[in-house]
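One structure is given here, and the rest of the page talks about it.
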Amino acid sequence: MENNIEDTILSNLNENGFFEKYGDDALLLYALTLRFEELDMESAAEYLTDGSNDKKIDLVYINTDDQLAIVAQSYLSEDSTKKSAKSNKAADLNSGMSWLLSSSESDLPKDLQAASHQLRTGIKENKIEKLEIWYVHNLPESDEVSSELMSVSNTTHSILKSDYADNLNNVAVNTIEVGRNTLSTWYQNIHSKIAVTNTFQIKVAGGFESKGNNANWKAFMTSIPLNFLYEIYEKYHDSLFSANVREYLGSRRLSSNINTGIKNSVEKSPADFLIYNNGITFLTNKYSYDSSKKELTLDGVSIINGAQTTGAIGSMEQAPSTGNVFARVVQIDENNVLDNVIEYNNKQNAMNPADFRSNDQTQKRLRTCLESLEE
């Protein structure tokens, strides 16, 4: 993380009294709010399980609307000049995941019982399709920690295979070292509508342009090759969705899952994908079109509609060799118009309240706590 960004984050936490209120968990909570803009620090704190007997688990975030669960351990070093975080703290997640997923719930501390019950139930009822395991700290990422997290991933897969065999294909496990570089990327994604600022040239078949009455926006409509989506997602991942309320939600091996359906369409009928899919909306700082070369140039890219399409195609085993998708490229010069475009493009996808606020998730967690006490 660049020093100015790190200083900004730490200053933010200090000035708002978050270190005083949440102690070493402040950075972990801040990381969660960076990843999910609908959460504030107080709402994020509802998911803490940290305590004297926390079984090496500091936080369990469960969002069944997005079919996502996050299990996290954190470490805050007093010496910010260290080259890497303690790898043994990452290794602790091995035992933590075993406690969380396979031990008797009655043996767990009360703060962890409800979270464990909700996570296990979510997996068994196919309400969790993506399980992320985070190690959050304030130091650079390292190979040593990465290796330990790979072990954690293997341990978690083994538990799912033995204890949740019927649901194994429905849960994707991903371990993430949330150190300086990752925090920097998430911070930039939040504070920049367009985090990917590279220039791209795309060969297209043609297209047409529309402009706003006050010249405060213009848009170019065309179709782009599917392999372009594959290439940019493979390189930039979630940074592509810096202006998007939702990130890519993952693919389950169920025919009813829309992202799996997208992959199947590309694999079986790539030539027809253009008419099967609603298309992509790109936000860009500036675009130009060379009609003689049939080449579209984009200065910066953020996908404000089509995150699921992009993620599904980008996470395929290999790039599609053929096929196109409808694309709308938007360049906007006024911030209020920009905010409206982002909001309204996302609202067309039947947004849930939880996409903007955490109230529903908090209520679900409280209900789960009450249910566990009644059992």
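The values are calculated or read from the model by the stated rules, or taken from the named source; none is laboratory data. Nothing here was measured: the structure is a model prediction, and the numbers come from that model. Glycine gets a Cβ as well: all are built from the backbone with ideal geometry, and neighbour counts include every protein chain shown. Accessible surface is based on the protein model in full, side chains and every heavy atom, while ligands, DNA and RNA are left aside. Shrake-Rupley method; radii C 1.70, N 1.55, O 1.52, S 1.80 Å.
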Give the number of residues within segment 272-308 that are open to solvent by less than 10 Å² (accessible area, probe 1.4 Å) and in a helix (DSSP H, G or I). 2
The one condition Ile159 fails out of (1) in contact with a Gly (Cβ under 9 Å, 6 or more places away or on another chain); (2) more than 17 Å from Thr284 (Cα to Cα) is (1)
Taking Lys82, is it part of a loop (DSSP other than H, G, I, E, B), modelled with pLDDT under 90, in contact with a Leu (Cβ under 7 Å, 6 or more places away or on another chain) and under 29 Å from Asp143 (Cβ atoms)? no
Among the residues of segment 33-79, write down those that are modelled with pLDDT of 90 or more, polar (S, T, N, Q) and touching a strand residue (DSSP E or B) at 6+ places or on another chain (Cβ under 6 Å). Gln73, Ser74
Of Glu177, Glu144, Glu132, which residue is in a helix (DSSP H, G or I) and charged (D, E, K, R)? Glu144
Among the residues of segment 180-220 satisfying the criterion of being surrounded by 15 or more Cβ atoms within 10 Å (Cβ to Cβ) and modelled with pLDDT of 90 or more, which is nearest to Pro140 (Cα to Cα)? Phe200
How many residues, within segment 321-335, are over 22 Å from Thr199 (Cβ atoms) and crowded, with 20+ Cβ neighbours inside 10 Å? 1
